[in-house]
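A.B. asks: Here it is: the structure, laid out below.
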Amino acid sequence: MSNLAQIPVSPTTAGPVKDDKVLKIATFSLQKYLKESEFADEFLGRGGLQSLCEIIKTTSGNTLAYALNSLTSLMDHDHGWETLDNDFIVSIVAILVNQTLVNICRPATAILIKLACADKTSPNTNIQCYGYDVIHQAMLYQPSFLPTLVQRLQSQDYQLCLNSLSLINALLKHVTDLYRVEFTAMLDSLNVRKTVSRLMNDHPSDELAEHLIEFQSLTIRNAHRRRKTQVSLENERHRGMLEDIWNAAQVHDVQGTTKWKKIGFSTESPQREFHRAGYFALENMYAFTKKDQEAFAKMTLEQINRPEDRRCPFAKASVEVTDLLSDYWEISTGYTTTTEFQPLLLSFDAIHHVTIQAFFRLFQEMEATTTDFPKVSALVRSQIKHALRGDGSRSMFEFERAMLGTPYQVIRDRRLKELEWADDLLGREPINGGDMGSGGDMGSGGVMGSGGVMGSGGGDTVQAHSAYFPLPMSQARSMSTGAQGMSAVGGSSLMSPLPTAGSSKRWRFYRLCPNRRILNYGDFAERSMCEIRQEDLQEKIDLTFVTDIHTHSMLANQPKPPKSAYFAPDNTLTTVITNASSISTNNHSSIMGTSPPPSPAPVADPLSFALISGNTVLVQFTCLTSTQYAEWTDGFNLLLDRTIANKDTAEYVHTLTEFGVKIKLLGIGGDRIEVPHGNVDIPSVPPGSGTGFHYNTKVV
């Protein structure tokens, strides 16, 4: 430890020496030495952290830069920096606000990022005592902190811009529910999304583009969490926003209907009507009414003056539009795999505003009634997809022109063609209601990274999205239930049991993302009666890496494989690896992102199949029936853009599609035709018809 003797730290006071030149040299050396674990431990044992913090608080220039870099080196270790107090964190925030030199701002930003990430979700279990809440308290002493970060996003200094965006992303990722709404409101007041959108359109470098995509993904995740937050009149903020919406309508003196129904709610309990899109829908409704209160008041009054069955309910339409846009941008799931810029997503409130106007326009031009609301919604959904296609290169002006300027007849005709001639069978709504949409019991073999062979058994469906099975240890196969199969709506879910040997986690839960490109999964100690959240499924399989589907016909005549065998691309079972230690981590990491244990040997069961990547088994399934086998293998065939391989499935899809098209054509094509609902009143017998005349009400 001879290097430690060169560091000018007082062993009694833990204070820095006064010789600035010696101090500068010492802190410069510390940057390198503190990366070594042995040196760092000795440094901490001699009270070096306290001295380093004091140097950071009292110096400037290069000495300050070296000291900050030294602290970042120390924080790369998983211990030793859990005693940083609030006063010191406030000083780091102040440094970031007041300093502009890159060599100072870069390490100061890195320190705050590490502090924000060191919460209860941190993989470093030794230090989980900081997090966003601690940074938030420091921000209260420096009100210009966030404005400074956002301002630096527009800086000509590339590194300052990059550092600021990195820190904003870290805060967005780790903000807690306690401060989520407040933090989001602060960022919105500073127009941070607009600034990021400009950066997206300014041909950013690859490094900056990566951070911009992360901001975009975090925006989706944050919106999803606000969407899951239910509106409550017990919440002062929620209650205040609803009252502001009511006051903006200016219909207090209008007679003829109850309070909340005047602005388009179905009941007098408005909070209950946000159950689908939660607080996120309330935010968008509130933003619409505040953007142009005069236009909103006029719109509301116009609807009240219409016959009740001819009114387009504003509140219901606003929630519906939030739902449609959430589905399009995957906010409904909170998870996206897109690597393309979506700048219009960052203008969600403006997109929402234009789409509501389009909703009202189509409602009027269709001469719709309140019972036609789903038909209008279907047309708006179709037009959203059309107007936002390739939205990375579209402007707000182009979107507004497409939504408000496209004739109703054009939108209607396009929707009919979508229903009748859609090329993608998975995109057709009738298929979502088939057996793969409702799910079925299915066995699942191991996934690389599972750590063992799964068990099997039978079980009961607990909820609409999953089913659970006990674990008989004598079995080598697993059974699972996919609640919604491979459908595009809501994703699909599988719950498979894991062995108890060496692990307390006995169950594995699978969910196919709605984008149909990622299969997420997570391991759990027991079955849950509650819905499993997307954030609980940390592991994933990228289905874009799937190169083949091996069915039972490829396995039936093969010799029994060794313990760790894989499928070879030539459709034969070949022993590629027999020792777990020799597995190629490079090949596996590109697919799974984790180091692979031995893959379970595929079973040549007549109802089994496996997903393959090169010579690696990603996941193996075992079905209960031949019908289910056909549905699931063909489901994956469609995911991989392949043709249907089973006759039964082809006939089934054809039947469902034909029914779906006919039903939709009836629903959309019947313009201005009032289709009676419920039982039809039987008219009286026409005069002069004689006796014995009657109406037959039975369907022939």
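A.B. asks: Out of 253, 206, 202, I need the residue that is within 30 Å of residue 269 (Cβ to Cβ) and surrounded by fewer than 17 Cβ atoms within 10 Å (Cβ to Cβ). Which one?
C.D. replies: Selected residue: 253, the only one of 253, 206, 202 that is within 30 Å of residue 269 (Cβ to Cβ) and surrounded by fewer than 17 Cβ atoms within 10 Å (Cβ to Cβ).
A.B. asks: So residue 83 fits all but one of (1) surrounded by fewer than 17 Cβ atoms within 10 Å (Cβ to Cβ); (2) free of Cβ contacts under 8 Å to residues at least 12 places away in the same chain; what number is the exception?
C.D. replies: Against the list (1) surrounded by fewer than 17 Cβ atoms within 10 Å (Cβ to Cβ); (2) free of Cβ contacts under 8 Å to residues at least 12 places away in the same chain, residue 83 comes up short only on (2).
A.B. asks: Here's something else I'd like to know. Residue 50 - would you say it is part of a helix (DSSP H, G or I), at pLDDT 90 or above and touching a Ser or Thr at 6+ places or on another chain (Cβ under 7 Å)?
C.D. replies: no
A.B. asks: Right, here's the next one. When only residues in region 140-170 that are polar (S, T, N, Q) and over 13 Å from residue 96 (Cβ atoms) count, which is least open to solvent (accessible area, probe 1.4 Å)?
C.D. replies: Residue satisfying both the conditions and the ranking: 169.
A.B. asks: Further question on the same structure: State the number of residues belonging to region 34-61 that are open to solvent by 30 Å² or more (accessible area, probe 1.4 Å) and under 42 Å from the mean Cα position of the chain (by Cα).
C.D. replies: Counting residues in region 34-61 that are open to solvent by 30 Å² or more (accessible area, probe 1.4 Å) and under 42 Å from the mean Cα position of the chain (by Cα) gives 8.
A.B. asks: Then there is this: If only one of 371, 337, 355 is in contact (Cβ under 8 Å) with a residue 24 or more places away in the chain, surrounded by fewer than 18 Cβ atoms within 10 Å (Cβ to Cβ), in a helix (DSSP H, G or I) and not assigned by the TED database to the domain that holds residue 221, which one is it?
C.D. replies: On inspection, the qualifying residue turns out to be 371.
The values are calculated or read from the model by the stated rules, or taken from the named source; none is laboratory data. Small disclaimer: the values here were computed from a predicted structure and weren't measured. Glycine also receives a Cβ, built like all others from the backbone with ideal geometry; neighbour counts cover every protein chain displayed. Surface areas here come from the heavy atoms of the whole protein model, side chains and all, with no ligands, DNA or RNA. Shrake-Rupley method; radii C 1.70, N 1.55, O 1.52, S 1.80 Å.
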